[in-house]
Amino acid sequence: MVKKILAVDDSSSIRKMVEFTLKSRGFKVTTAVDGQEALEFLAREIPDALILDINMPRMDGFEFLKKIKSDEAYSAIPVMMLTTEGQDEDRDTAQALGAGHYIVKPFKPSELIAAVEKLFL
């Protein structure tokens, strides 16, 4: 069965790179520009995993992560952070909020693929 991934990032180039990389490995990828748009997507369809940036307009990644992890309908969705924020404090916050993996941009496509595959183990 094809795994569906929602990638949430305000950078169109990052969204395109994530989408291209993961589609080349057989994943179905949908994108959103911020947490608000991602919530709207979740109301229609529940993905198998989320890739989430921290710094975004309207609703940042931490706020979005808090919302979904506190909602029974979405709390089991595995989440990977993909962000420019490399500080231990941000990594610790993401982990405390329920993110399973954390990658700092810039990233290698092979690193992204390996991390996404680990989400499904």
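Below, the figures for the structure above:
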read-out: Matching residues, segment 83-110, being in contact with a strand residue (DSSP E or B) (Cβ under 9 Å, 6 or more places away or on another chain), of a type outside the set (S, T, Y) and surrounded by fewer than 14 Cβ atoms within 10 Å (Cβ to Cβ); value: G86, Q95
read-out: Residue count, segment 5-25 (criterion: among the basic types (K, R) and touching a Ser or Thr at 6+ places or on another chain (Cβ under 7 Å)); value: 1
read-out: Given (1) closer than 28 Å to M1 by Cα; (2) free of Cβ contacts under 8 Å to residues at least 12 places away in the same chain, index of the condition A73 fails; value: (2)
read-out: Residues located in segment 72-99, provided they are charged (D, E, K, R) and assigned to a loop (DSSP other than H, G, I, E, B); value: E72, E85
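One line per residue, one yes/no per condition, for (1) free of Cβ contacts under 8 Å to residues at least 40 places away in the same chain; (2) closer than 20 Å to K105 by Cβ:
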| residue | (1), (2) |
| --- | --- |
| I14 | no, yes |
| V18 | no, yes |
| V29 | yes, yes |
| D60 | yes, yes |
| E63 | yes, yes |
| I68 | yes, no |
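Just so you know, all these numbers are worked out from the coordinates, no wet-lab data involved. In this text the structure is predicted, and so the values were computed from the model without any measurement. With ideal geometry, Cβ positions are generated from the backbone for all residues, glycine too; neighbour counts draw on all protein chains shown.
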